[in-house]
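Below is one structure, written out as structure tokens; the observations come after it.
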């Protein structure tokens, strides 16, 4: 099972992630401004963070990424 610590490690190495949770797609990608957490098709609501530890504060519908990943609640996961 892919967990939150593995996610943080992969992102720190420069990898990008796409995943699906409760029927919605999300991505964590790298840009010139830092990492971007985005819900697909909603670019105006991007969360940009420049320190990997800030990923701990990202919530989806009030639920942390740690909970979502550690409880294996993903419907799909792609790591680039």
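The values are calculated or read from the model by the stated rules, or taken from the named source; none is laboratory data. Because the structure is a prediction, the values reported are computed rather than measured. Note that we place each Cβ from the backbone using ideal geometry, even for glycine, and neighbour counts take in every protein chain shown.
Side notes on the structure shown:
- Matching residues, segment 61-78, being surrounded by 15 or more Cβ atoms within 10 Å (Cβ to Cβ) and closer than 12 Å to residue 22 by Cβ: 68, 74
- Only one entry of 20, 46 meets the criterion of being modelled with pLDDT of 95 or more and touching a strand residue (DSSP E or B) at 6+ places or on another chain (Cβ under 8 Å), and that entry is 20.
- Residue within segment 27-34 that is touching a helix residue (DSSP H, G or I) at 6+ places or on another chain (Cβ under 9 Å), over 12 Å from residue 55 (Cα atoms) and at pLDDT below 95 present: yes
- Checking residue 55 against (1) modelled with pLDDT under 95; (2) more than 17 Å from residue 4 (Cβ to Cβ), the condition it does not meet: (2)
- Filter result (exposed (fewer than 11 other Cβ atoms within 10 Å of the Cβ) and either in contact (Cβ under 8 Å) with a residue 60 or more places away in the chain or outside any helix (DSSP H, G or I) (or both)) within segment 4-53: 13, 14, 23, 31, 32, 33, 41, 42, 50, 51
- Given (1) outside any helix (DSSP H, G or I); (2) surrounded by 14 or more Cβ atoms within 10 Å (Cβ to Cβ), number of the condition residue 1 does not satisfy: (2)
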